[in-house]
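Undergrad: This is the structure I have questions about; it appears just below.
The values are calculated or read from the model by the stated rules, or taken from the named source; none is laboratory data. Just so we're clear, the structure is a prediction, and the values are computed from it rather than from any experiment. Cβ coordinates were reconstructed from backbone atoms using ideal geometry, including for glycine residues, and neighbour counts include every protein chain displayed. With ligands, DNA and RNA removed, areas are computed over all heavy atoms of the protein, side chains included. Shrake-Rupley method; radii C 1.70, N 1.55, O 1.52, S 1.80 Å.
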Amino acid sequence: MTTKAQSYLTHFRNIGIAAHIDAGKTTTTERILFFTGRNRNIGEVHDGAATMDWMEQERERGITITAAATTAKWTRSGTDDEYVVNIIDTPGHVDFTIEVERSMRVLDGAVAVFDSSQGVEPQSETVWRQADRYGVPRIAFSNKMDKTGASFDLVVNDIRERLGAIPAPVQYPMGQENEFRGIIDIIRMQSHTFTNDLGTEITVGDVPEEYMGKVREMRQQLIEAAAEVDEDLMLMYLEGEEPSPEQLVAAIRKGTIEKRIFPVLCGSSLKNKGVQLLLDAVIDYLPSPLEVPAIRGTAEDGETVIEYPADPEGKLAALAFKIMADPYVGRLTFVRIYSGTLQSGSYVYNASKEKRERVGRLLKMHANSREEVTELKAGELGAVIGLKDAGTGNTLIGDGDDRVLLESIDVPEPVIKL
Ligand code: GDP
């Protein structure tokens, strides 16, 4: 049961973008921030082109635009529903495996980016297995559809054969390589044709005749895969009834959250193509903090297990997952709040270090601005200024609460200079 206090969480998605180096993680993340910023007109920037310029400038100056956790907002296309999408940075390099694993702990779902000209590469397999270990539901993005050698079918087949997972292709590309010009939404049987170079204008229409046979066949396979994970859909299927797009989305969402199937999408992040549909899919298929198992902690006796459901009115339970040194404000401790509410100026207990610590200011990091807030609630991520002792993997609980350690990977890590 979701209480009134928890209801905001249905509109939260805490995601990571996971990929083999070079598959396009950075570009995809930038484009997500571009489209979400454009969607919301963050800060002083009022049109998309300016946001893009700003990103290019930042890039030239060598500044990483993604913080350990960046908060964006996205209105699901075709609705007025606004969602908070927190993007958690997952290091892509294999040397940072422990960091990848630590970041897996604080996200609820992931977008696995593949280079569609390469299919599933050995390193993408490593990242995929880590997500498996942490039980992270994910959708796959077959990127670089514009590139020579791009093949959506290759990615779909590799997911099945090399990763041993059940792909659920919810899209099909119209054209590949130089000819990539649009995306067919198999669920709704619609085509999305890109009509400008920025990828910002899309014409929605019918499925072109030439794709009809292929797409119908794929839709049938999708229904069969979804019916395997959803009883209602199975009943409809057995009776020969056609599910509505909403019913099909609901069944695929269920299968995705249960990690039984993996929606596959396509696009070209370099050309801005398919990124808005990818954001819609994040909303449609990846879980809210209420739909993932509650984080657990171990009490002082080393045995008693305590669960912390995502509830802003529950006891405070937060995990520090990244420390950064900021030239202006000093030490920034990125935290995910699982339960309760963290207040600026309050005291918390660092259960890992067995120390009481004072919380200074609290920040939410956006793509091109920082927002100072007075509290961070269950399900939220942000940065704390002022914690002196907290290290990565440390558990923060309420001052005066019984000592509990959250499950995490506790590995020392040097402070990274911005
Ligand atoms: P990361 O290492 O996974 O973060 O990958 P990057 O985002 O830095 O991209 C690696 C290279 O692939 C860069 O040269 C990008 O410009 C290029 N790239 C990224 N996305 C696309 C795409 O959709 N199409 C093409 N053709 N190149 C892309």
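Undergrad: Taking GluC sites (Glu not before Pro) that fall in a DSSP loop and have at most 16 other Cβ atoms within 10 Å as cut points, what is the longest piece of the chain between them?
TA: Segment 45-200 is the longest.
Undergrad: Would you kindly calculate the translational diffusion coefficient of the range 306-418, applying Stokes-Einstein with the Kirkwood radius from alpha carbon pairs, for 37 °C and a viscosity of 0.692 mPa s, and quote it in µm² s⁻¹ without decimals? Please report the intermediate quantities before stating the final value.
TA: Working: Rh = 13.9 Å.
Using the Kirkwood radius from Cα pairs, D works out to 237 µm²/s.
Undergrad: Please list, in chain and number order, the residues 5+ apart from K273 or on another chain whose amide H is under 5 Å from its amide H, with Hs placed from the backbone.
TA: Sorted by chain and number, the residues that satisfy this are S268.
Undergrad: Still on this model: For the range 70-203, go through all pairs of different Cα atoms, get the mean of 1/r, take its inverse, and jot down that Kirkwood value in Å.
TA: 16.5
Undergrad: Let me ask something additional. Rounded to a whole number, what is D in µm²/s for the chain from Stokes-Einstein with the Kirkwood radius over alpha-carbon pairs (4 °C, 1.567 mPa s)?
TA: Answer, rounded: 59 µm²/s.
Undergrad: Taking 7 Å along the Cα-to-C-beta vector as the label spot, tell me the E210-E291 distance in nanometres, rounded to one decimal.
TA: My value for the distance between the label points is 3.6 nm.
Undergrad: Another question about this same structure. List every residue whose amide H lies under 5 Å from the amide H of F141, counting only residues 5 or more places away in sequence or on a different chain, with H placed 1.01 Å from N in the peptide plane.
TA: Residues meeting the criterion, in which the H sits 1.01 Å from N, are A112, V113, F114, L265.
Undergrad: Go ahead and run the numbers for FRET between E179 and S7, Cβ-Cβ distance against an R0 of 30 Å, rounding to 0.05. Provide the component values of the computation, followed by the final result.
TA: Values: r = 45 Å, r/R0 = 1.51.
About 0.10, to the nearest 0.05.
Undergrad: Sticking with this structure for a sec: According to a simple spin-label model (label point 7 Å from Cα along Cα-to-Cβ), what is the distance in nm between E161 and D326?
TA: Inter-label distance under the simple model: 4.9 nm.
Undergrad: What percentages, rounded to whole numbers, describe P(r) for the range 245-391 computed over all alpha carbon pairs with 10 Å bin width beginning at zero?
TA: 10, 30, 28, 23, 8, 0
Undergrad: Can you give me the % of accessible surface on the chain that is carbon or sulfur? Probe 1.4 Å, all protein chains present, nothing else counted.
TA: Carbon and sulfur: 47 percent of the exposed surface of the chain.
Undergrad: Using 1/(1 + (r/R0)^6) with R0 = 22 angstrom and r between the beta carbons of E246 and Q220, what's the FRET efficiency to the nearest 0.05? All intermediate terms of the calculation are to be shown ahead of the outcome.
TA: Details: r = 18 Å, r/R0 = 0.83.
Result of the calculation: an efficiency of 0.75.
Undergrad: Mind listing P(r) for the range 153-263? All alpha-carbon pairs, 10 Å bins, whole percents.
TA: Distribution as computed: 14, 41, 34, 11, 1 percent.
Undergrad: If you take the beta carbon distance between R356 and D402 as r and set R0 to 22 Å, what does 1/(1 + (r/R0)^6) give as a FRET efficiency, to the nearest 0.05?
TA: 0.95
Undergrad: How do 386-394, 398-406 rank on mean C-beta neighbours within 10 Å, highest first?
TA: With the highest mean Cβ count within 10 Å placed first, the list reads 386-394, 398-406.
Undergrad: Report the extension gain between L238 and N196 in nm, rounded to one decimal, defined as 0.36 nm multiplied by the number of residues separating them, less their alpha carbon distance.
TA: 10.8 nm
Undergrad: With respect to the cross-link table entries K25/K364; K144/K214; K25/K322; K25/K377; K25/K355; K73/K271, which display a Cα-Cα separation exceeding 30 Å?
TA: Numbers: K25/K364 22 Å; K144/K214 22 Å; K25/K322 19 Å; K25/K377 28 Å; K25/K355 37 Å; K73/K271 22 Å.
Flagged as over cut-off: K25/K355.
Undergrad: Another one. Considering the Cα positions of the range 180-245, please state its Rg to one decimal place and its Dmax as a whole number of Å.
TA: 14.6, 45
Undergrad: For the chain, report the accessible area per residue in Å² (1.4 Å probe, heavy atoms, rounded to an integer). It would help to have the intermediate numbers written out before the result.
TA: On the way: 18070 Å² over 418 residues.
I get 43 Å² per residue for this part.
Undergrad: Per residue, how much space in cubic angstrom lies within the convex hull of the C-alpha atoms of the range 134-182?
TA: 84
Undergrad: Also, quick follow-up: Using helices alone, I'd like the mean residue ellipticity at 222 nm for the chain: each DSSP H run of four-plus residues gives -39500 (n - 2.57), total over residue count, nearest 500.
TA: Result for the chain, helices only: -8500 deg cm²/dmol.
Undergrad: While we're looking at this one, here's another question. Of P208, P327, P91, which has the largest mean-square fluctuation in a 10 Å C-alpha GNM of the chain?
TA: Result: P327 has the largest fluctuation of those listed.
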